[in-house]
Amino acid sequence: MKNIVLISVWAVSASLFANDGHKCASETQACLDKMTTYLINTAWDGIQVDGIGDESGLVSIFDITPGSPGELAGAKVGDLLISMNGKDLAGMTGDQLATTMKSIKVGDHVPLVIERKGKRQKLDMIMATIPDETVSKWVGAHMVKHHANPNAQI
């Protein structure tokens, strides 16, 4: 089962900056500037899901960042995420989710439909900016993986 940082930007930003898992094609400073600018201007929900792109069609929340828009809206770990912003998530690929996420802006009200204990509920999530600590973590991980020079002298 795939883990996706939903509705989040990790999947989107990773695809923009990772260059298929190989060394980043951009110079280090240019990549740092581009990635940071992109992330600080991207809407975030703090929800991570399993099941995007798999055959089960079930998208379940496996982690929610405390204090995030997802948590504040009332989503909980273990909920099934049925739809977001009017789009069914069953059968959606990671690329389709990334496209959906790109259209959502900081401050947008995003309707979620979740299923909890067999009952569907509608939630209203207000998208926020990605916390600085999260941006730092994601940018740092990218820099280590794609820009580190193991032969550099200290």
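Read the figures in this text as sums done on the coordinates, not as results from a lab. Worth saying up front: this structure is predicted, and the values here are computed from it rather than measured. Heads up, the Cβs are rebuilt from the backbone with ideal geometry, glycines too, and the neighbour counts pull from every protein chain shown.
Counting other Cβ atoms within 10 Å as a rough exposure proxy, the listed residues 61, 126, 82 run 126, 82, 61 from fewest neighbours to most. For the stretch 36-49, the Karplus equation 6.51 cos²θ - 1.76 cosθ + 1.60, evaluated at θ = phi - 60°, returns couplings of 5, 4, 4, 5, 6, 10, 10, 6, 9, 10, x, 9, 10, 10 Hz by residue, with Gly and Pro reported as x. Karplus-based coupling profile of the stretch 135-146, in residue order and whole Hz: 4, 4, 4, 5, 5, x, 4, 5, 4, 5, 6, 10, with θ = phi - 60° in 6.51 cos²θ - 1.76 cosθ + 1.60 and x standing for Gly or Pro. For the set 87/117; 76/117; 76/119, the pairs lying more than 19 angstrom apart at their alpha carbons are 87/117. On the principal axes of its alpha carbon atoms, the stretch 3-147 extends 50, 31, 23 Å, with the longest extent given first. Taking a ≥ b ≥ c as the square roots of the Cα gyration tensor eigenvalues, the stretch 60-117 comes out oblate, since a/c reaches at least 1.5 and a/b does not exceed b/c.
Between the stretch 35-73 and the stretch 87-154, the C-alpha centres lie 5 angstrom from each other.
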